[in-house]
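*Asks:* Below you'll find the structure I mean.
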Amino acid sequence: MIQLSDVSRSFVVGGQTVSALRNIDLSIADGDYVSIMGPSGSGKSTLLNLIGLLDRPSSGIYKLDGGNVTALNDEQQARVRSEKIGFVFQSFHLVPRLSAAMNIELPLILAGIPVDERRRRVAQLLDNYGLTERADHRPDQLSGGQRQRVAIARATSMHPSVLLADEPTGNLDQATGREVINLLEQLTEQQVTLILVTHDPVIGGRAKRQLHMVDGQIISQIES
Amino acid sequence: MRYLDVVQFAAVSLQGSRTRTLLMILAMSIGVAAVVVLTALGEGARRYVINQFSSLGTNLVLVFPGRTETAGIGPGMLLGQIPRELSLDDAEALLRSRSVGRIAPLTVGSSQISKDAKNREVIVLGSTADLMTVRHMTLGRGRFLPPGDVHASESVCVLGAKINSELFGKESGVGAWVRLGDRRFRVIGILSRQGESMGFNTDEIVIVPVASAHMLFNTSGLFRILVEAKSRDSIEQARKDTETILFARHNGEKDVTVVTQDAVLATFDRILRALTLAVGGIAAISLAVAGILIMNVMLIAVSQRVQEIGLLKALGAPAAKIRTLFFTEAVLLSGIGSITGLVIGEAGVLVIARLYPSLPVAAPWWAVLAAVATSLGTGILFSVWPARRAAQLDPVTALAGR
Ligand SMILES: Nc1ncnc2c1ncn2[C@@H]1O[C@H](COP(=O)(O)OP(=O)(O)OP(=O)(O)O)[C@@H](O)[C@H]1O
Ligand SMILES: [Mg+2]
């Protein structure tokens, strides 16, 4: 359960204050599939970063699963990210010198999961995403679609309850993009909350809930 | 995150930039190796000098003519400058002390030695029968100078091993006559081969009775008196007695210098230890430089891996963990560097030991310890800042690569 009440985020750039988010009130239930659309600079990424605890609101309160996470310190927030949140980025963000398998294993290593359990989960994920043959390949030896599959596998390795995807198809062709969206949508069937930022109205239209942002505000919501 | 995983992650990161890693390890290991090799040389020189001294004799008190102005041991004494004579009777008088066991007066000169058509320049040492015991000499053939009246100028001589082989080839010259300057001497003994010790190569000297040497060189003074105390405990008493006796004989004038060999040794020991320390210290500077290099490399690594740091944060790594990761990388670098350096250094010491077998080279343990401590210390110290910088990055800006 994600609850944002009266959340604003502003940046000070060269002495001027830029409001990226203005008084956002938003609640997203567990297992929801939400898409966020809107013009460039409307605050979509900023909103996603706040939800993902990569950024803090300038004002307002953010409650995750009932707890006020805005009040947490760096270490506590990192723990919440590790346990509850998975990220999928437009530019994949894989570690270039690590193999596909090690990239997937990374959150598990950081969380201190025992080696046996790690091996088991990574093997399972490689299998789920059809990457078993590519396990030892480095990111530069993978296609864009494969890279994003590695990224999704990594994002789900800790079984997060919230998956945040910021334009995950932005660097992919249409067919591959569709494939990636399918993989993400499959996750929503397992009670994972999926929040997807996209510029593609076709992709955005598939979500149960569609938010439209302009100038730091949610101007309309469509529920289907 | 498990400790082993941290180390493994750091190791993989280092492998990611192989050239840079190797260069760092090289810089670090050269520093460590330099400390090890240079201090080993210094220590080798120190031990060499100590060995040389003890081969000269034990429980020795040395008497030089003349007195240097300053207290302690100056170069003048060791070179044996002669401002006022020390006589053979002075030497004999020393036996009155109950702490003195044996004495060996020494006079030195150089002369031409010839046998038939062969001749060469030699150092001639004038002394007495006790010289052999006092100076730990060993005889190869024949006998040493005859005991008895020190004023007797018998025409006998003992040859160094090399002199013998030059004049007589493989044969022993014992019994033969040789000419020293304008006098004839009968060879009564040959020293066994000993090689160089404290600048005197006993293989290339000729020893004659001190009175004969005085006649040969037309002098009456002594170059030095070697006094052997009866035991280790009586060295100090022997020194005091020697001073008292000699000052009394010289009408209270303090015109001789009396030092114990231990005091000379201690001075050399101090000088060479200080030298080793200084040389080691200079080498240690290169370690500090290597540490600064590591800092720069880590800073570059931080700026090159901004996105990765952002990612690690997004994946749930708190600032402390990022710090640990970068810190571990630096520790691993300097750790591998110092181990490599130790291996290279010890190998270098082995090579030197092979090339110069007479030099007892060995890196002192404190230098090895200091080298490793300095390299690890600088590696750790200089990685703190880059690690902090990495940890302080804002995840959103870091992910954007800004
Ligand atoms: N770190 C920052 N410093 C200053 N201003 C920022 C920063 N991050 C975002 N902004 C500003 O906040 C506003 C919203 O940015 P945001 O990145 O959320 O837009 P977006 O909707 O994701 O756009 P796009 O579709 O282009 O990704 C923009 O005006 C942007 O310039
Ligand atoms: Mg954006």
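*Asks:* Show me, for region B:260-266, the HN-Hα J-couplings you get by feeding each phi into the Karplus relation (A = 6.51, B = -1.76, C = 1.60, θ = phi - 60°), rounded to Hz, glycine and proline as x.
*Replies:* Values, residue by residue: 8, 4, 4, 5, 4, 4, 4 Hz.
*Asks:* Where nothing but the Cβ of Lys and Arg (+1) and of Asp and Glu (-1) is charged, how large is the charge dipole of chain B around its Cα centre, in debye to the nearest 20?
*Replies:* Its charge dipole is roughly 1140 debye.
*Asks:* How charged is the neighbourhood of residue B:106? Take every other residue with its Cβ under 12 Å from the Cβ of residue B:106, and add Lys/Arg as +1 and Asp/Glu as -1.
*Replies:* Net of charged neighbours comes to +1.
*Asks:* Ok, one more. Which of the three applies to chain A, rounded, prolate or oblate, going by the alpha-carbon gyration tensor with a ≥ b ≥ c and a/c under 1.5 meaning rounded?
*Replies:* prolate
*Asks:* Still on this structure: Return a whole-number percent for the relative contact order of chain B, with Cα pairs under 8 Å and 6 or more residues apart as the contact set.
*Replies:* 29
*Asks:* Now for a separate question. What is the antiparallel percent of DSSP beta bridges lying wholly in the protein assembly as shown, to the nearest 5?
*Replies:* For the protein assembly as shown, the DSSP antiparallel bridge percentage is about 70.
*Asks:* What does the helix-only formula give at 222 nm for chain B: each DSSP H stretch with n ≥ 4 adding -39500 (n - 2.57), the total divided by the residues, and the result rounded to the nearest 500 deg cm²/dmol?
*Replies:* -18500 deg cm²/dmol
*Asks:* Based on the alpha carbon coordinates of the protein assembly as shown, what radius of gyration and maximum Cα-Cα distance (Dmax) apply, in Å?
*Replies:* Gyration radius and largest Cα-Cα distance of the protein assembly as shown: 43.5, 132 Å.
*Asks:* Apply the Karplus curve 6.51 cos²θ - 1.76 cosθ + 1.60, θ = phi - 60°, to the phi angles in region B:277-287 and return the couplings in whole Hz, x for Gly and Pro.
*Replies:* 4, 5, 4, x, x, 4, 5, 5, 4, 5, 5
*Asks:* Let me check against my output: what whole-number percent is the relative contact order of region B:84-254, with C-alpha pairs under 8 Å and at least 6 apart?
*Replies:* Relative CO of region B:84-254 lands at 33 percent.
*Asks:* Could you pull out every residue, at least 5 positions away or on a different chain, whose amide H is within less than 5 Å of the one on residue B:156? Hs are placed 1.01 Å off N in the peptide plane, and Pro or chain starts have none.
*Replies:* B:186
*Asks:* Using +1 at the Cβ of each Lys and Arg and -1 at the Cβ of each Asp and Glu in the protein assembly as shown, identify which of A:111, B:93, A:190 lies farthest towards the dipole's positive end.
*Replies:* It is B:93, whose Cα lies furthest towards the positive end.
*Asks:* From the phi angles alone, apply the Karplus equation (6.51, -1.76, 1.60; θ = phi - 60°) to region B:20-32 and give each ³J(HN,Hα) in whole Hz, x where the residue is Gly or Pro.
*Replies:* Here the 3J(HN,Hα) series is 4, 4, 5, 4, 4, 4, 4, 4, 5, 6, 4, x, 5 Hz.
*Asks:* Something else now. Assuming R0 = 56 Å, can you tell me the calculated FRET efficiency for the pair residue B:171 and residue B:250, based on Cβ-Cβ distance, to the nearest 0.05?
*Replies:* Efficiency computed from Cβ-Cβ geometry: 0.75.
*Asks:* Here's a follow-up. Please report the net charge: other residues with Cβ closer than 14 Å to the Cβ of residue B:192, K and R +1, D and E -1.
*Replies:* Result for the neighbourhood of residue B:192: +3.
*Asks:* Hey, fewest Cβ within 10 Å first, where do A:65, A:55 land in order?
*Replies:* Least to most surrounded, the residues fall as A:65, A:55.
*Asks:* Percent relative contact order of region A:72-177, based on C-alpha pairs within less than 8 angstrom and at least six residues apart?
*Replies:* With pairs under 8 Å counted, the relative contact order is 46 percent.
*Asks:* What residues have an amide H closer than 5 Å to that of residue A:20, excluding those fewer than 5 places away on the same chain, when H is modeled at 1.01 Å from N in the peptide plane?
*Replies:* So residue A:20 has HN proximity to A:9, A:10, A:11.
*Asks:* Under 20 Å from a label point 7 Å along Cα→Cβ of residue A:16: give me every residue in region A:201-224 with its amide N that close.
*Replies:* A:214-217
*Asks:* Is any residue of region A:90-117 close enough, with backbone N under 12 Å, to a label point placed 7 angstrom from the Cα of residue B:15 along the Cα-Cβ axis, and if so, which?
*Replies:* A:97-99, A:102
*Asks:* Compute the Rg to Rh ratio over region A:80-120 from the alpha carbon atoms, using the Kirkwood formula for Rh, and round to two decimal places.
*Replies:* With Rh from the inverse mean 1/r over Cα pairs, Rg/Rh is 0.98.
*Asks:* Spin-label point model (7 Å from Cα, Cβ direction): what's the residue B:236 to residue A:208 distance in nm?
*Replies:* A separation of 9.8 nm, rounded to one decimal place.
*Asks:* From the Cα gyration tensor of region B:84-254, with a ≥ b ≥ c the square roots of its eigenvalues, which class applies: rounded if a/c is under 1.5, or else prolate if a/b is larger than b/c, or else oblate?
*Replies:* Note, shape of region B:84-254 comes out prolate.
*Asks:* What distance in nm separates the simple spin-label points at residue B:267 and residue B:110, each placed 7 Å from Cα in the Cβ direction?
*Replies:* 2.5
*Asks:* Still on this structure, please answer the following. Residues with amide H under 5 Å of residue B:66's amide H, sequence separation 5 or more or different chain, H placed in the peptide plane at 1.01 Å from N; which?
*Replies:* B:84, B:256, B:257
*Asks:* Turning to a different aspect of this structure: Holding the Cα-Cα limit at 29 Å, pick out from B:115/B:230; B:162/B:240; A:44/B:313; A:84/B:321 the pairs that are longer than that.
*Replies:* B:115/B:230; B:162/B:240
*Asks:* Kindly identify region B:337-384 as rounded, prolate or oblate by the Cα gyration tensor criterion: order the square roots of the eigenvalues as a ≥ b ≥ c, call it rounded if a/c is under 1.5, otherwise compare a/b with b/c, prolate if a/b is larger, else oblate.
*Replies:* prolate
*Asks:* Before rounding to the nearest 500, sum -39500 (n - 2.57) across all DSSP H runs of length at least 4 in chain A and divide by the residue total; then give [θ] at 222 nm in deg cm²/dmol.
*Replies:* So the helix-based figure for chain A works out to -10500 deg cm²/dmol.
Values quoted throughout were computed directly from the atomic coordinates according to the rules given, and no laboratory measurement underlies them. These numbers were taken from a predicted model, which means no experiment stands behind them. Note that we place each Cβ from the backbone using ideal geometry, even for glycine, and neighbour counts take in every protein chain shown.
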